[in-house]
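Engineer: Below is the structure I would like to discuss, written out as structure tokens.
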Amino acid sequence: NKEESRKLYGKYVDTMGTCMRNHMMMIDMKAGKGPIKIHTDVALQKLAETMSKKEIKHLEAEAWEDFLDMTITQAGVWAANNMEPEKVPSELMPSEPYLLGSHAGCAGLWTSGPGDFGPEEWHWGYNRMTTINGLFTAGDGVGASGHKFSSGSHTEGRITGKMMTAYCMDHKDESVEFAENPEDLAKEIFMPMETWGKFSGYTTDPNINPHYIRPAMLQQRLQKIMDEYVGGVG
């Protein structure tokens, strides 16, 4: 749907960012135009037209290393299907909507953008602050921004940390009053650690325990809910 997307996004379709590519794939899948293929075969064959055999081998090694840095399980798919990605395309699909998306789409929270770049309506306060005053996020926690690879998340985390500091400095004279009793809040905060200390020896494997769930278990349950009731298996 490149030409259809051009009506919406104009010249940006010619050099598409990750978020736009993801969105276009989702539009096609909803329209029943799947499966979607990534043409590693075409890309490599086109580059190989001007390269020697030695250069081609080096290119392939670099390409697969970079590819597998991002999606390690793809090697298992290639092996299981007896595929040679330099000769045939591979099926792919973004995982949105999901708990964590593919770093570029329907995942994360709505936040204020930077004040020195972008439309004014995208900036209403501190950079990376959510619609709740004083609540900041970064990385995949920020929605619809295609820069959430390792270095992008690291950079965004630094920006968010600085903005959080600025927020605290600007509001240092404000007093915070809680409706809850401070002792009750402390009890709630420390409860997971106290529960772990009390019951972790109840089973031979501390990861499997009827008295608590660990963060990884919580994520697995949320992913299962998203698989069965929201976006399907990504």
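Computed from the coordinates by the stated procedures, all read-outs in this text should not be read as laboratory data. This one's a predicted model, so the numbers in the text were calculated from it and none came from an experiment. Don't worry about glycine lacking a Cβ; one is built from the backbone with ideal geometry, like all the others, and counts go over all protein chains shown.
Engineer: Report, by chain and number, residues whose modeled amide H sits under 5 Å from the one on Phe136, excluding near sequence neighbours (fewer than 5 apart, same chain).
Structural biologist: Excluding prolines and chain starts, which carry no amide H, the hits are Thr130.
Engineer: OK, next. Suppose we flag trypsin sites (Lys or Arg not before Pro) only when DSSP calls them loop and at most 10 other Cβ atoms lie within 10 Å. Which is the longest uninterrupted stretch of the chain?
Structural biologist: 1-86
Engineer: Can you sort Phe136, Phe117, Phe67 by how many other beta carbons sit within 10 Å, fewest first?
Structural biologist: Final ranking by Cβ density, sparse to dense: Phe117, Phe67, Phe136.
Engineer: Please state, to two decimals, what the Cα-based radius of gyration of the range 15-62 comes to when divided by 2.2 N^0.38 Å (N = residues).
Structural biologist: Normalised Rg, Cα atoms only: 1.58.
Engineer: Please identify every one of the GluC sites (Glu not before Pro) in the range 1-78 that sits in a loop by DSSP and has no more than 13 other beta carbons within 10 Å of its own beta carbon.
Structural biologist: Passing both the DSSP loop test and the Cβ count: Glu49.
Engineer: Full-extension gain between Tyr212 and Met83, please, as 0.36 nm times their residue separation minus the C-alpha to C-alpha distance.
Structural biologist: Going from the current span to full extension adds 42.2 nm.
Engineer: Another question, then. Based solely on C-alpha atoms, express the radius of gyration and the Dmax of the range 133-231 in angstrom.
Structural biologist: 18.9, 51
Engineer: Got a sec? Which residues in the range 11-45 would a label at Glu91 touch, if it sits 7 Å along Cα→Cβ and we count backbone N under 12 Å?
Structural biologist: 34-38
Engineer: Then there's this: Taking the chain as the reference, fit the longest principal axis to its C-alpha atoms, fit the long axis of helix 215-229 to the helix C-alpha atoms, and give the angle between the two in degrees, 0 to 90, nearest 10.
Structural biologist: Rounded to the nearest ten degrees, it is 60.
Engineer: What whole-number volume per residue, in cubic angstrom, does the convex hull of the C-alpha atoms of the range 39-92 give?
Structural biologist: That works out to 74 Å³ per residue.
Engineer: Continuing with this model, one more query. Can you give the FRET efficiency for Gln223 and Thr15, using 1/(1 + (r/R0)^6), R0 = 22 Å, r = Cβ-Cβ distance, to the nearest 0.05?
Structural biologist: The computed FRET efficiency comes out at 0.10.
Engineer: Say R0 is 30 Å: what FRET efficiency, to the nearest 0.05, do Ile36 and Ile56 get from their beta-carbon distance?
Structural biologist: Here the calculated transfer efficiency is 0.70.
Engineer: While we're here: May I ask you to evaluate 6.51 cos²θ - 1.76 cosθ + 1.60, the Karplus curve with θ = phi - 60°, for each residue of the range 59-73 and list the ³J(HN,Hα) values in order in whole Hz, giving x for glycine and proline?
Structural biologist: 4, 4, 4, 5, 5, 5, 5, 5, 5, 6, 4, 8, 9, 4, 5
Engineer: Neighbour counts of other C-beta atoms within 10 Å: give me Val142, Val88 arranged from fewest to most.
Structural biologist: Val88, Val142
Engineer: Run through all the Cα pairs of the range 182-229 and give the fraction in each 5 Å bin from 0, expressed as whole percent.
Structural biologist: Each 5 Å bin holds this share of Cα pairs: 4, 20, 20, 18, 16, 13, 8, 1.
Engineer: Still on this structure, I have one more. The list (1) 1.04; (2) 2.00; (3) 1.33 gives values of Cα Rg over 2.2 N^0.38 Å, and only one came from this structure; which label was calculated from it?
Structural biologist: Matching entry in (1) 1.04; (2) 2.00; (3) 1.33: (3).
Engineer: Among the aspartates and glutamates, select those whose C-alpha is under 19 Å from the C-alpha of Lys87, and discard any that sit fewer than 8 residues away in the same chain.
Structural biologist: Within the straight-line limit of under 19 Å, Lys87 reaches these aspartates and glutamates: Asp41, Glu49, Glu55, Glu60, Glu62, Glu65, Asp66.
Engineer: For each of Met129, Met29, count neighbouring Cβ atoms within 10 Å of the residue's Cβ, then give the residues from fewest to most.
Structural biologist: Met29, Met129
Engineer: Pick out, from Tyr202, Gly118, Pro182, the residue whose Cα sits farthest towards the positive end of the charge dipole of the chain, with +1 on the Cβ of Lys and Arg and -1 on the Cβ of Asp and Glu.
Structural biologist: Gly118
Engineer: Output the 0 to 90 degree angle, nearest 10, between the alpha-carbon long axis of helix 18-30 and the longest principal axis computed from the alpha carbons of the chain.
Structural biologist: The helix 18-30 is inclined about 80 degrees to the chain.
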